[in-house]
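Read-outs: derived from the displayed coordinates by stated rules, not from any lab. The structure presented is a predicted model; accordingly, all values stated were derived computationally and were not measured. Every residue, glycine as well, gets a Cβ built from its backbone with ideal geometry; the counts of neighbours run over all protein chains shown.
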Amino acid sequence: MDKGYRNLLFELLRQAFRGESREYRASWTVRETDIEEFVKAKSLRGLSEKTIRDEVRYIRLALSELGWTLTPDSVREYLAELKEEGEDYVLKHTAYSLKSLLKTILKPRDPELFAQLYNAFTVYKPRNHGRVKPPSLDQLRQIWARLPSVESRFYFTILTECGLRPSEPFIPSIDDFDLEHGMIHIGKVTETKRAFIAFLRPEVMDWVREAYLPAREALIKAKLEVVKADYLGVNANAEDWARRLIPFGRDRLRREIKETAKQVFNREFELAPGYHHP
């Protein structure tokens, strides 16, 4: 109600989070009430129940993969993965449905944020990857050494060691991680992909035990009660979150990798879909 108080609150938040606030400027955490409002708005416009139901299904599928938070990078990468998997039909309807959600719900509330998200993706066009030279092993090592957090190093390690797609390290739980044999069971199953196993070298597993797992446990211990409280209203399951192999925010991890890689390459760096090897 008090504009002066709001300004003070925002200033305190900026001071508390400093550079991390960049992560949230272009992000929208979707709530269950937003979906309900979307359905009502579409019904008032005379859309059929089937059309609304189909749009909501694609929206929920995307939100479940993105942790219910939309950012320009995460949406683009998710759509790129659908294209790489050959899911052209799903890609088309997912992009359309997400744009519909943004235009219906977010645009009236926050036009600036709406523009950032809405203009972040269009009809997917395959990129010409042949023009970009893949990074060398030495460059990958440089990126890893400069990453600012243990968790972004772990995420980057999983991507480079196992050739996974950007979203796949967030699929398994800690129970899917075989510490004894250095195996990760990836259980996502689609029409074009089946469950598979990724492997890590023994020296990597030693680092994981010494550095990453303690950091993971510290986060869960510190944040479990906050997740249980579900302050964002996204119906979070605290137990499921606590069992994730990577419970850290994916957008921050991706941003840390991209910013560090830019220092090494002196150009923009994309986390492209991985390639699995037999």
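Numbers below:
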{"quantity": "For the stretch 58-127 and the stretch 25-40, distance of Cα centres in Å", "calculated": "13"}
{"quantity": "Extension gain (nm, one decimal) between A215 and M183, 0.36 nm per residue minus Cα-Cα", "calculated": "9.5 nm"}
{"quantity": "Computed FRET value (nearest 0.05) for D240 with R201, which takes r as the C-beta separation and R₀ as 25 Å", "calculated": "0.30"}
{"quantity": "Kirkwood Rh, Cα atoms: Rg over Rh of the stretch 129-265", "calculated": "0.98"}
{"quantity": "Simple spin-label estimate for S64 and K83 in nanometres, 7 Å along Cα-Cβ", "calculated": "2.5"}
{"quantity": "Efficiency of FRET from Cβ geometry, S136 and I174, R₀ 35 Å, rounded to 0.05", "calculated": "0.60"}
